[in-house]
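Scroll down for the structure; my scribbles are underneath it.
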Amino acid sequence: MSRIRTLSAQSPAIVISTLALIFSLGGGAYAATALTARAATGTHAARPARLTFHRLSLINGWKAAPKAYDVGTPSYTVSNGIVYLSGGVFQPIQGKAEFAVLPSGARPATNLFITVSIEEGVSNVGTLFISPKGAMEVYATPTGEGTPASDLTALGGVSFPLGS
């Protein structure tokens, strides 16, 4: 106990910051308890709508990423004017860069070049190109030119405004 008094005598800032930490942790616990209680009684806000993803039809020898990668089936959805992609693709035998075509209700108005994560030799960055006609292509270079990617390309986390 004498050591605590010694610390508090030397630096009031230590005591103040310690008390602030204790109160913030207690406040967080209170908030979590209050939210849990509201959920149990049904007095919480409405839940957001669940998104329904639609599978992309793969072309040119492209395949869905193997289950071992745990990235999911290549798919898309549109919600509140935003197009979201998910899943992953790969090409067992390198060929054309185009792997799918987005339907008309999920296409951009201009050419999009989006940086994506790929596993391509020593590179981990590639480019997803999406045209206004819905053509989706992936390249193993950050510039979006040259070699089509063939190893795993992750689509999860890609989004863009509809008609952008």
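A short reminder: the numbers here are calculations on the coordinates, not readings from a lab. Remember, it's a predicted structure, so these values are computed and weren't measured experimentally. Cβ atoms come from the backbone with ideal geometry, glycine included; neighbour counts cover every protein chain shown.
Subtracting the Cα-Cα distance from 0.36 nm times the residue separation, let me have the gained length for THR73 to ILE59 in nm, one decimal. Before the final figure, lay out the partial values.
Details: separation 14, 0.36 × 14 = 5.04 nm, distance 1.42 nm.
Length difference between fully extended and current span is 3.6 nm.
Using per-residue counts of other Cβ atoms within 10 Å, averaged over each peptide, order 156-163, 124-131 from highest down. Mind dumping the intermediate values first?
On the way: 156-163: 14.4, 124-131: 19.5.
Highest to lowest by the protection proxy: 124-131, 156-163.
What ranking of ASP70, ASP151 emerges when the number of other C-beta atoms within 10 Å of each C-beta is taken as an exposure proxy, fewest first? If you can, show how the numbers build up before the last one.
Working: ASP70 8, ASP151 17.
With the sparsest Cβ surroundings first, the list reads ASP70, ASP151.
Can you list the HN-Hα couplings for the stretch 105-113, worked out from phi with the Karplus curve (6.51, -1.76, 1.60; θ = phi - 60°), rounded to whole Hz and with x for Gly and Pro?
x, 9, 9, x, 8, 10, 5, 10, 10
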